[in-house]
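These notes concern the structure reproduced below.
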Amino acid sequence: MKREVLFGCVCFALCLLMVSALPGWASDSIKVGVIGPMNFVQGKGHWNGATMAAEEINGKGGVQVGKKKMKIELVKADSNEFLNVTDATNAMERIITHDKVDLIVGGFRTEAVLAMQDIAMDYKKIFIGCGAAHPELCTRVAKDYGRYKYFFRGTPFNSQFLVKTCFIQMATVGAILKQTLGIPAVKVAIVAEKAIWVDPMIEAAKGFIPKMGMELVGIWRPSQTATDVTPEISAVQGSGAHMIFTVFSASVGITFARQAGELKVPAVQVGINVEAQKDGFWDATKGMGNYVMTMNTYCRGVEANELTAPFVEGYVKRFGETPTYTADTYTFLVHGLVPAVEKAGTLDAEKLIPIMEERQFKTPAGTIKYMKDEQGRHLHDLTWGPGFLTSLGVQWQDGKMVGVWPNKWKAAEGAPEITYKGMVPYKVPPWVIQAYKK
Amino acid sequence: MLLDIIVSGLISGSMFALLAIGFSLIFGVARIVNIAHTAFYMIAAYCIFFFTQRMGVGPIPAMFMAIIIVTFLGLIAYRFFIEPIREHEAAVLIGTIALAIAMQEVMLLFFTGDFLSVPSLLEGFFSLMGVKIFFQQLLTFGAVLTILIALWLMLMKTRLGLAVRCMAEDREVANLMGINERRVAMATMGISVGLAAFTGAVVVPLTILNPFMWMEPLIIMMAVVVLGGLGSLKGSFIGAYILGFTEALVVFLIPKGAFLKGSVALSIMILVLIIRPEGLFGIAFEEER
């Protein structure tokens with residue numbers, strides 16, 4: 001009797017083992033883990049972009065992997081990384097070990113992505129970062145290629161390029177201000193949320209603003225979640241600034257834009273305001289965010305290339321809003337993964353990585369080419385510049401987000417002018433003109 | 001700059017005062033440290049958003065509806081959750097933290113983490129000696145003063161107010177004198193949560209809604225209450241303005257350290273407590289009650 005029970009237990013255990021191992025060897029789908037803060041706009045972007053990509057790829061029959069057609073199957077994981085980095089690492093561990101995904105896309109906060117990156121590397125899973133901008137994520141690849149080669153940056157380009165683009169946009173607006181207001185030099189106030197990622201940008205701005213022929217009149221650092229910035233606004237106004245260089249990724253971006261707009265502060269806002277990149281900004285500021293300018297990736301009516309409009313309009317039709325940059329999960333899956341897997345004929349990361357490293361491919365935001373560092377080591381970081389990714393400068397004009405940069409932009413002396421399709425002229429707020437124009 | 005600091009300090013101080021007095025009231029009467037106090041403020045703000053933006057209700061009726069709903073919610077929470085554990089102060093403390101987090105998660109579920117806002121009751125601003133002041137801020141300031149006067153009249157001129165003050169002085173003696181301690185505590189909870197809801201209602205057009213908006217005011221409110229002396233309404237009122245002006249001073253005098261305004265305010269609280277552990281208007285020994 002005992003022997004029969006033992007035999008039964010062994011059979012049961014074997015059955016369990018086979019069932020749990022089944023997806024690993026009998027799957028007809030490519031499991032893609034989509035990880036992000038799913039209760040927030042950023043996570044929704046991750047998921048929506050990936051959903052659109054999966055629908056498009058599966059609608060065409062799937063991905064040709066060797067002799068087999070495989071469908072894309074998405075696995076959603078809420079990283080909750082705004083509140084708890086540990087939740088993010090747990091979610092990453094779960095989708096790899098329990099859901100057995102083949103690769104992962106997503107992540108937003110650098111602090112969380114660095115931790116999630118390590119877990120993905122432990123399991124040798126390809127992880128495409130679609131949110132965090134810190135260079136360290138890719139510096140790790142160059143420094144320890146054997147361990148970190150499974151990580152690629154999907155979007156946005158790194159923060160060094162972000163700040164470079166900001167300065168170019170500031171210079172563009174500065175020239176317009178000088179001409180429109182008839183002022184000899186533009187005075188700039190920096191208003192930047194208190195966050196680690198902002199600190200290097202402030203240091204760079206302190207050095208670069210005088211080089212652009214502008215005068216830095218003060219730096220204000222409100223909290224990321226400040227609900228009243230009227231004291232800061234009063235102080236900025238007192239400084240006589242013509243331009244406010246904003247660096248906001250959190251809710252303070254709405255507070256500042258709304259209150260500065262309502263108080264008709266005679267200074268233009270240029271820089272990064274993540275909340276202003278979203279369709280909901282106009283409603284969130286109750287229209288007071290008019291004329292706010294921010295760096296962005298997508299804008300309805302603006303085309304970096306022929307892939308932009310179909311993606312943006314398709315996204316708007318499917319989800320009712322303009323995609324934000326975290327929706328670039330679409331870009332990676334459709335334009336990055338599928339061609340690479342089809343070329344490799346396998347899902348084996350070791351064979352896929354060399355193909356991904358060498359590919360140069362067009363996406364709705366521009367052309368992607370992965371960089372190497374000065375020593376020729378792979379960084380898996382995105383190339384910035386004309387012909388590659390540049391991002392956009394967008395401005396809110398009477399309830400509509402419009403593209404204002406690059407518009408006749410020359411990347412260097414003698415270089416050809418770059419203007420994306422759908423660009424419109426930058427507008428100086430009328431109350432600013434009224435305040436300075438004598 | 002001086003006028004900037006005065007205006008800014010008065011407005012911030014008034015909002016702190018409204019929150020802190022509600023918190024202090026229920027602590028003084030029932031010894032309940034209600035950490036969920038600012039979560040009720042958050043719920044009121046979301047109620048107004050829901051009624052005005054989703055249901056098309058006017059802002060004034062939405063404010064009243066929000067205050068009534070949140071007060072009712074507070075009373076339910078008190079009756080079924082706080083009252084059974086009332087005598088165990090640590091349990092109340094932890095329980096109300098859990099309650100606040102539960103409310104936050106429910107809001108996150110219904111409204112997601114998106115940043116939302118509602119329009120001002122009065123749009124625009126006016127300039128006072130070069131300082132721009134929102135009409136909404138002025139309205140908020142006026143509303144806060146009105147409510148504080150009404151609260152003072154209630155406490156000083158009504159039988160309920162007398163009972164509340166008796167309870168705050170000495171619960172046991174009040175009980176022996178025939179005051180229905182349970183009922184007074186319940187009424188005080190209603191007033192306290194109602195004040196939180198009112199604060200949410202008047203502040204919502206000036207702020208950004210998200211499910212975590214209760215945390216920041218909680219810290220500053222606790223600081224105000226401790227600075228003024230736990231349970232002292234006068235202390236909360238004065239403490240609120242001290243911290244309001246401190247914050248304004250930091251922003252105007254140390255622009256790069258504007259994010260430190262909360263930390264400086266908390267440092268002042270610590271400094272006062274070192275010199276006077278019971279707070280500015282607190283009672284030195286529990287036995288004195």
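The values are calculated or read from the model by the stated rules, or taken from the named source; none is laboratory data. All values derive from a computational prediction rather than experimental measurement. Backbone-built Cβ (ideal geometry, glycine too); neighbour counts: all protein chains shown.
Okay, here's what the table says:
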read-out: Number of positions in region B:117-144 that are in contact with a Ser or Thr (Cβ under 6 Å, 6 or more places away or on another chain) and more than 10 Å from every other protein chain (Cβ to nearest Cβ); value: 2
read-out: Number of the exception - B:Phe281 against (1) in contact with a Gly (Cβ under 6 Å, 6 or more places away or on another chain); (2) part of a helix (DSSP H, G or I); (3) more than 10 Å from chain A (Cβ to nearest Cβ); value: (2)
read-out: So A:Ser251, is it facing chain B (nearest Cβ under 9 Å), buried (at least 24 other Cβ atoms within 10 Å of the Cβ) and either closer than 24 Å to A:Val428 by Cβ or in contact (Cβ under 8 Å) with a residue 60 or more places away in the chain (or both); value: no
read-out: From the options B:Leu128, B:Leu93, B:Leu75, residue that is within 19 Å of the chain's Cα centre (by Cα) and farther than 26 Å from B:Phe50 by Cα; value: B:Leu93
read-out: Region A:268-285, residues that are facing chain B (nearest Cβ under 9 Å), surrounded by 23 or more Cβ atoms within 10 Å (Cβ to Cβ) and in a helix (DSSP H, G or I); value: A:Glu275, A:Ala284
read-out: Helices (runs of 4 or more DSSP H) completely within region B:1-104 that count 3 or more residues being without any contact (Cβ under 8 Å) to a residue 12 or more places away in the chain; value: B:59-77
read-out: Filtered residues of region A:42-52 (kept if within 13 Å of B:Gly113 (Cβ to Cβ) and surrounded by fewer than 24 Cβ atoms within 10 Å (Cβ to Cβ)); value: A:Lys44
read-out: Subset of region A:344-388 that is more than 20 Å from the chain's Cα centre (by Cα) and assigned to a strand (DSSP E or B) - its residue that is nearest to A:Val65 (Cα to Cα); value: A:His378
read-out: Looking only at region A:207-238, and only at residues there that are part of a helix (DSSP H, G or I) and surrounded by fewer than 19 Cβ atoms within 10 Å (Cβ to Cβ), the one that is farthest from the other protein chains (Cβ to nearest Cβ); value: A:Lys211
read-out: Some residue of region A:422-431 being among the hydroxyl-bearing types (Ser, Thr, Tyr) and at pLDDT below 95; value: no
read-out: Any hit, region A:204-214, residues being of a type outside the set (Lys, Arg) and under 28 Å from B:Leu128 (Cβ atoms); value: no
